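The structure appears below as structure tokens.
A short reminder: the numbers here are calculations on the coordinates, not readings from a lab. Quick caveat: nothing in here was measured; it's all calculated off a predicted structure. Positions of Cβ are generated from backbone atoms using ideal geometry, with glycine treated the same way; all protein chains shown enter the neighbour counts.
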Amino acid sequence: MQDQVVQATAPAVKKHRKSGIVPYLFILPHSIFFLAFLAYPFFYGLYISLFQFDYLRPEHRPFVGFNNYLQVFTPTTVQYRDFWRSMSNTGQFLLWSVIPLVIVALLLAVLLNGKYRGRNMFRMIYFAPYALSVTVASILWLWIFQREGGLLNHYLEIVGLPTINWLGRMPEAWISITIATIWWTIGFNTVIFLAALQEIPTSLYEAAAIDGASPVQQFFNITIPMMRSVLIFVITITMIASANLFGQPYIMTAGGPVQRTETIIYRIFIEGIGRGQMGRAAAMSILLAIMLLFLTAVNFKVFGQTERS
Amino acid sequence: MKKIISNLVPVLILLSLILSACASGGATQAPTQAAAETPTGQATSPTTAPEAAAGTCNSKAQGQSIEMWSPLTGPDGDEMSTLADRFSKENTYGIKVTHVAQPDYITKLEAAAAAGGLPAMTVVRAINVGQEAERNVLKPMTSEVMTVLGTNIGSDFPDQLWKVGEYKGQHYSFPLDTHALVMYYNKDMFKAAGMAEPGPEPWTKTQFEDAIAKLSASGVKPIAIGTAFQAATLFQSLIVQFGGSLTNPEGTKATYNSDAGVKALEYIKNLRDKYSPDISGAGDPEANAYKQGQAAIMIHGPWHISDIVKLSFAGFAPFPTIGDKPAVWAGSHQLGLTSDDPAKQAAAMCWIAWLSQHSIDWAKAGQIPARTSVRTDPKLAEVAAPIAAVIKNADHAIMLPQVAALEGALWDQFGPVVDGYLTGEVTNLKTALDEAAARSQQTMDENAATYK
């Protein structure tokens with residue numbers, strides 16, 4: 001029956017399939033890495049989340065069922081407190097970081113899209129920090145924001161202003177981490193916006209200019225609508241990247257003050273690597289993944305609706 | 001033909017992947033095999049080894065090159081590397097020791113254990129011994145490999161320092177030093193306030209409070225108290241001085257929510273609010289405040305000695321006794337084996353024996369030598385004057401019992417309460433401590449079940 005359907009509906013496809021293994025060879029390199037570094041770890045993570053799993057104690061790995069998940073939802077446990085506090089911290093960072101990461105990148109992209117001398121140099125300069133590792137970027141900003149002997153406080157002192165405990169207080173610690181993150185990652189969003197800007201036909205702007213639209217009106221009535229799909233993409237990946245914040249607080253604040261910058265990935269790191277509770281860490285990761293999927297779906301829904309209306 | 005080739009390509013790629021995986025697996029196995037062969041190749045006489053006297057290394061150690069990892073990333077690490085080089089040159093067995101210091105050394109050790117790339121041995125913080133023994137990173141020190149250290153070696157150490165290397169009735173580590181909190185003071189500020197410098201005995205409560213008052217009256221900030229690590233160790237010292245403790249002696253019950261705990265924190269907060277510059281956060285800002293002359297007294301770990309000793313105004317004294325009895329938070333660097341290979345173990349033990357005998361030189365790195373015979377050596381004052389000045393600390397050192405993952409279970413919960421209380425976020429201290437202790441207890445019970 002199936003054969004008949006195939007024969008009847010798609011002889012061309014069948015012929016194409018027969019024509020060889022070549023298409024599969026093309027996707028083979030990616031498949032290997034996808035299977036080895038994404039698919040396999042994901043399913044293995046699902047598997048170990050059902051165990052009390054210490055990678056250094058293969059002889060002690062009791063099956064605990066959904067206990068690792070239940071702990072996170074039982075208000076009397078230490079895990080409940082740790083997990084939801086880190087989640088709330090991560091949420092705070094999302095609020096602090098996503099808007100500037102998108103808006104500043106968009107403005108930068110518009111500026112870098114103009115026609116002037118040295119444009120390529122500026123494009124390179126703004127993208128350059130993104131090439132650094134998180135460690136280098138974080139240590140640089142740690143040296144700037146340090147309470148004692150930090151560059152920023154040094155200059156504040158010279159100017160005669162009071163010094164600020166940038167990394168030891170709230171919300172200064174979030175502000176510091178956000179600034180470091182913007183400096184480090186803004187190049188990526190900017191480059192994507194820049195590519196999208198260049199796709200917008202110049203004839204639209206010319207027509208608008210003839211109709212007497214100001215540059216601001218052009219920006220809101222041409223640029224933004226034309227870039228809607230790219231905006232959704234950038235907002236979504238920025239949210240995911242911000243939700244995965246780890247290196248900056250690990251190096252700059254060690255999760256402090258009083259665990260306020262201990263993000264969910266930081267928590268997962270402490271549970272899995274620090275305490276050898278890989279099963280629990282895997283369960284927390286999967287819960288985070290589910291939440292991020294949900295967030296992404298909401299994103300597309302919200303932006304999709306405005307497009308239709 | 002073309003089809004055959006195109007079909008072959010993925011197979012070839014797969015094959016090459018499998019082969020390369022095998023090759024790397026083989027590479028890691030090769031050294032162990034080679035090492036295992038050496039002793040038999042040299043035909044060591046089994047009769048000499050067990051009867052070897054102290055200081056005579058097991059001949060299996062002959063010609064071994066071993067690596068020692070450590071968390072000693074400061075100037076103390078350079079000192080350790082110098083000692084390792086000296087031993088490598090001096091020993092007659094051709095043993096070569098390489099010292100590798102790294103931050104996050106525990107994480108690195110665990111990763112190395114998972115990947116099968118552990119060094120021969122490591123410097124391990126006493127607090128980590130139990131968990132690393134459970135997690136198969138540290139290997140037991142059998143009485144056989146310990147013969148090189150000499151008979152009855154344990155009696156040359158304070159009981160607590162020796163016992164902390166024991167876990168579940170088995171020896172896992174050998175004490176190198178102890179690091180108790182030191183009271184750093186500013187000689188110039190003391191002089192300006194018309195005060196005598198502290199002596200080798202810990203200050204009494206009266207002496208301490210008198211000094212704070214006089215320093216304050218002289219117009220300087222008397223003491224630098226921050227949060228995080230410093231506050232947590234002050235708390236651990238004072239709670240014992242006031243008659244309490246973090247846990248019961250077995251390390252199975254969290255007891256820091258006692259009246260002594262509340263009293264200790266109230267005392268620290270009062271000092272901090274009235275007499276300290278406003279500092280908080282990680283990275284030891286209180287040490288920087290002292291170095292920059294912003295406070296006259298600063299209590300912190302001895303690892304700051306090698307840096308602070310360069311300052312002209314630096315003075316060193318033991319931790320004061322503010323409560324009913326002397327007690328001071330302390331840790332200990334211990335030496336542990338991370339290899340099962342008998343030849344590597346023999347070489348490591350040979351080096352450990354030498355290092356322990358030369359631990360007076362280790363005092364230069366700002367650590368109090370663990371051995372009683374070295375601590376009471378009159379030469380210590382010449383070699384390391386600051387250490388000699390704070391040596392009384394060693395008699396009152398308090399450490400947690402050797403229970404796997406105990407420190408994390410306690411600090412993770414009381415640490416935020418200590419910081420929160422000092423910075424004014426926690427107002428109902430007793431309730432906060434009760435809740436924290438309950439959470440510590442939960443983790444301790446869970447650990448007990450995990451590592452039973």
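Overview of results
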quantity: Loop GluC sites (Glu not before Pro), region B:115-145 (other Cβ atoms within 10 Å of the site Cβ: 16 or fewer; DSSP); calculated: B:Glu144
quantity: Shape call, chain B: gyration tensor on alpha carbons, a/c limit 1.5; calculated: prolate
quantity: Spatial separation of Cα centroids for region A:202-265 and region A:17-93, in angstrom; calculated: 29 Å
quantity: Nearby aspartates and glutamates by direct alpha-carbon distance to B:Lys430 (threshold 13 angstrom, same-chain neighbours under 8 apart not counted); calculated: B:Asp259, B:Glu266
quantity: Subset of B:Lys96/B:Lys139; B:Lys191/B:Lys364; B:Lys310/B:Lys364 violating a 18 Å alpha-carbon distance limit; calculated: B:Lys96/B:Lys139; B:Lys191/B:Lys364
quantity: Between helix B:75-90 and chain B: long-axis angle, C-alpha atoms, 0 to 90°, nearest 10; calculated: 40 degrees
quantity: Global geometry of region A:92-171, whether rounded, prolate or oblate, following the gyration tensor of its Cα atoms and the 1.5 cut on a/c; calculated: prolate
quantity: Folded to 0 to 90 degrees: helix B:105-115 orientation relative to chain B principal axis, Cα; calculated: 20 degrees
quantity: Spin-label zone in region A:223-254 - amide nitrogen under 15 Å from a point set 7 Å from the Cα of A:Leu295 along the C-beta vector; calculated: A:233-247
quantity: Kyte-Doolittle at least 0.5, axis length at least 27 Å by Cα - qualifying DSSP helices, chain A; calculated: A:78-112, A:172-199, A:278-308
quantity: Helix-only mean residue ellipticity at 222 nm for chain A, each DSSP H run of n ≥ 4 adding -39500 (n - 2.57), per residue, nearest 500; calculated: -21500 deg cm²/dmol
quantity: Candidate aspartates and glutamates for bridging to B:Lys344, where Cα separation is under 17 Å - those fewer than 8 sequence places away on the same chain excluded; calculated: B:Glu37, B:Glu67, B:Glu144
quantity: Percentage relative contact order, chain A, counting C-alpha pairs under 8 Å, at least six apart; calculated: 27 percent
quantity: Pair-distance profile P(r), taking every C-alpha pair of the protein assembly as shown, with 10 angstrom steps and integer %; calculated: 2, 11, 18, 21, 19, 13, 8, 4, 2, 0, 0
quantity: Sequence-distant aspartates and glutamates (8 or more away, or on other chains) whose Cα lies within less than 14 Å of B:Lys163; calculated: B:Asp177, B:Glu250
quantity: Computed over chain B: relative contact order in percent, which uses C-alpha pairs under 8 Å that are six or more apart; calculated: 24 percent
quantity: Principal-axis tilt of helix B:429-450 within chain B, Cα atoms, nearest 10 degrees; calculated: 20 degrees
quantity: Relative contact order %, region B:321-427, counting alpha carbon pairs below 8 Å whose residues are six or more apart; calculated: 26 percent
